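Working notes for the structure below.
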Amino acid sequence: MTAPLKHSDTITVDVALGDRAYDIMIGREVLPSLGARIAALRPGTRTAIVTDRTVAKHWLEPAEASLAAAGIPTSRIIVEEGEGSKSYAGLTQVSEALIAAKIERNDLVIALGGGVVGDLAGFAAAILRRGVDFVQVPTSLLAQVDSSVGGKTGINSPQGKNLLGAFHQPVLVIADTAVLDTLSPRQFRAGYAEVAKYGVLGDEAFFSWLEKNHSDIFKGGSAREHAIATSCRAKAAIVARDERETGDRMLLNLGHTFGHAFEAAAGFSDRLLHGEAVGLGMSLAFEFSARRGFIPQQEADRAIAHLTAVGLPTHVRAVPGLNWPGVDSMMDLISQDKKVKRGQLTFILVRGIGQALVTRDVEAAEVRAFLAEKLAVRP
Ligand SMILES: NC(=O)c1ccc[n+]([C@@H]2O[C@H](COP(=O)([O-])OP(=O)(O)OC[C@H]3O[C@@H](n4cnc5c(N)ncnc54)[C@H](O)[C@@H]3O)[C@@H](O)[C@H]2O)c1
Ligand SMILES: [Zn+2]
């Protein structure tokens with residue numbers, strides 16, 4: 001772990017993927033450099049910005065002004081905000097608009113938004129003319145620390161989330177931490193679950209630092225850049241080792257097997273945001289690890305205490321307005337998770353804070369008993 005940097009510094013994290021390597025630029029006020037950076041990377045390029053309505057209100061004009069200042073032609077494609085845009089309809093809208101904007105093989109698609117816009121625009125770029133490069137300008141905390149890094153793009157099908165997609169790495173990521181000032185506190189907190197995840201899965205020192213500095217991250221102090229850079233470095237290192245998720249990249253799913261089941265049970269709605277489900281899922285992964293004797297209960301309590309301190313849900317019954325389905329339905333949702341291979345459950349558990357591991361020897365009966373208990377208990 002490096003020392004926190006000064007507010008004004010731009011931090012570069014490189015994603016080492018050979019001829020598909022790229023930089024993530026992180027800093028307050030790094031968005032105004034978008035045009036100059038693209039001009040240097042791809043002289044003579046044309047661009048199209050894909051964004052959603054909410055992000056457009058705040059950040060489209062600054063992004064366009066930066067491109068204009070660098071003499072880069074651009075056009076705008078605005079989708080509705082929300083998960084609904086990661087659909088066939090959203091893909092049709094964006095792909096056809098990119099064709100109409102005459103975006104060609106050497107041009108660039110710019111994804112300006114949260115994970116929805118990043119996944120959708122990235123996938124549209126991946127299939128447009130058999131592959132056009134794209135730049136990620138993530139505007140939610142979740143997108144800055146997770147979805148904009150690593151090249152997973154895609155849309156949902158009526159049968160499930162992220163069932164259609166492609167690995168398509170961006171050529172540049174511009175993460176302006178000031179852009180997060182307009183994000184709702186609830187969305188910010190949900191994204192923070194993924195930040196805490198990096199500490200929990202592989203970096204105890206980072207987790208300790210988060211325990212002390214979380215309020216400065218939320219307030220937008222210089223701790224924010226450090227937290228985002230450390231998270232990106234952690235994800236970049238894992239992606240560089242295992243781009244296609246055959247090994248270590250699975251560790252990034254810590255809290256996600258339980259989390260996805262809760263998200264699905266809540267209908268992937270704003271009743272439970274992805275990051276909130278991950279907070280809940282990580283808490284359960286810790287409890288379950290303690291129950292299996294992998295860690296002492298105090299270690300689980302420490303992790304859960306931090307998630308509670310930032311306001312994430314850590315008890316199944318702590319989500320207001322949600323009536324969970326019974327344990328049978330929850331087990332069905334868990335076994336539909338894409339990490340299940342030929343009926344075998346894969347769980348990411350912990351041997352301590354900073355020591356996650358992939359386990360395949362978890363019996364369904366064990367999970368069922370654990371969940372039945374959690375679903376019954378009020379905090
Ligand atoms: N590709 C990956 O590796 C990966 C990883 C994790 C999640 N995801 C995907 O990411 C999506 C979730 O991303 P998300 O949480 O960013 O959701 P999102 O893109 O829907 O953004 C959340 C909300 O915040 C708004 N918003 C975003 N930035 C804002 C800003 N700066 N100011 C004001 N409002 C802003 C958006 O308009 C939206 O209403 C899911 O579809 C998930 O599947 C992908
Ligand atoms: Zn996640």
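The values are calculated or read from the model by the stated rules, or taken from the named source; none is laboratory data. Just so it is clear, the structure is predicted and the values come from calculations on it, not from any experiment. Every residue, glycine among them, receives a Cβ derived from its backbone with ideal geometry; neighbour counts consider all protein chains shown. Surface areas here come from the heavy atoms of the whole protein model, side chains and all, with no ligands, DNA or RNA. Shrake-Rupley method; radii C 1.70, N 1.55, O 1.52, S 1.80 Å.
If I filter the range 234-253 for residues that are within 23 Å of ASP9 (Cβ to Cβ), modelled with pLDDT under 95, open to solvent by 10 Å² or more (accessible area, probe 1.4 Å) and away from ligand 2 (no atom under 16 Å from the Cβ), do I get at least one hit? Yes, the range 234-253 contains at least one residue that is within 23 Å of ASP9 (Cβ to Cβ), modelled with pLDDT under 95, open to solvent by 10 Å² or more (accessible area, probe 1.4 Å) and away from ligand 2 (no atom under 16 Å from the Cβ). Being buried (at least 22 other Cβ atoms within 10 Å of the Cβ) and aromatic (Phe, Trp, Tyr) is the requirement here; does PHE294 meet it? In short, no. If the condition is being open to solvent by 10 Å² or more (accessible area, probe 1.4 Å) and in contact with a Gly (Cβ under 9 Å, 6 or more places away or on another chain), then the range 87-113 contributes ARG105, ASN106. Return the residue satisfying two criteria in turn: it lies in the range 61-93 and is β-branched (Val, Ile, Thr) and farther than 24 Å from ASP270 by Cα, and of such residues it is farthest from the chain's Cα centre (by Cα). Ranking the candidates gives ILE72 first.
Remark: pairs (first residue in the range 148-161, within 30 Å of MET25 (Cβ to Cβ) and away from ligand 2 (no atom under 12 Å from the Cβ); second residue small (Gly, Ala, Ser) and assigned to a strand (DSSP E or B); Cβ separation under 6 Å; 6+ apart in sequence or on different chains) = THR153/GLY165; THR153/ALA166; GLY154/GLY165.
Condition test on GLU211, is it more than 15 Å from ligand 1 (Cβ to nearest atom), at pLDDT 95 or above and part of a helix (DSSP H, G or I)?
Taking the combined requirement at face value, the residue satisfies it.
Within the range 362-375, is there a residue that is at pLDDT below 90, touching a Phe, Trp or Tyr at 6+ places or on another chain (Cβ under 8 Å), assigned to a helix (DSSP H, G or I) and surrounded by fewer than 15 Cβ atoms within 10 Å (Cβ to Cβ)? Yes, some residue in the range 362-375 is at pLDDT below 90, touching a Phe, Trp or Tyr at 6+ places or on another chain (Cβ under 8 Å), assigned to a helix (DSSP H, G or I) and surrounded by fewer than 15 Cβ atoms within 10 Å (Cβ to Cβ).
Scanning for something part of a helix (DSSP H, G or I), at pLDDT below 95, surrounded by 18 or more Cβ atoms within 10 Å (Cβ to Cβ) and away from ligand 1 (no atom under 14 Å from the Cβ), does the range 262-281 turn up at least one residue? Within the range 262-281 (the criterion being part of a helix (DSSP H, G or I), at pLDDT below 95, surrounded by 18 or more Cβ atoms within 10 Å (Cβ to Cβ) and away from ligand 1 (no atom under 14 Å from the Cβ)), the answer is yes, since at least one residue qualifies. Sub-8 Å Cβ pairs linking a first residue in the range 2-20 that is modelled with pLDDT under 90 to a second residue that is buried (at least 16 other Cβ atoms within 10 Å of the Cβ) and basic (Lys, Arg), at least 6 apart or interchain, are HIS7/ARG28; SER8/ARG28, ordered by first then second residue.
If you go through the range 144-176 and pick out every residue that is surrounded by 15 or more Cβ atoms within 10 Å (Cβ to Cβ), more than 7 Å from ligand 1 (Cβ to nearest atom) and among the polar types (S, T, N, Q), you end up with 4. Whether a residue is surrounded by 18 or more Cβ atoms within 10 Å (Cβ to Cβ) and either free of Cβ contacts under 8 Å to residues at least 40 places away in the same chain or not basic (Lys, Arg) (or both) was assessed, and LEU34 passes this test. For the condition in contact with an Asp or Glu (Cβ under 9 Å, 6 or more places away or on another chain), away from ligand 2 (no atom under 16 Å from the Cβ) and open to solvent by less than 10 Å² (accessible area, probe 1.4 Å), VAL135 does not qualify.
For the range 83-114, residues that are without any contact (Cβ under 8 Å) to a residue 40 or more places away in the chain and not hydroxyl-bearing (Ser, Thr, Tyr) total 7. Is it the case, given these coordinates, that VAL179 is within 11 Å of ligand 1 (Cβ to nearest atom), part of a helix (DSSP H, G or I) and among the β-branched types (Val, Ile, Thr)? Answer is yes for this residue. For the range 182-208, filtered to residues that are charged (D, E, K, R) and under 20 Å from GLU83 (Cβ atoms), the residue that is nearest to ligand 1 (Cβ to nearest atom) is GLU194.
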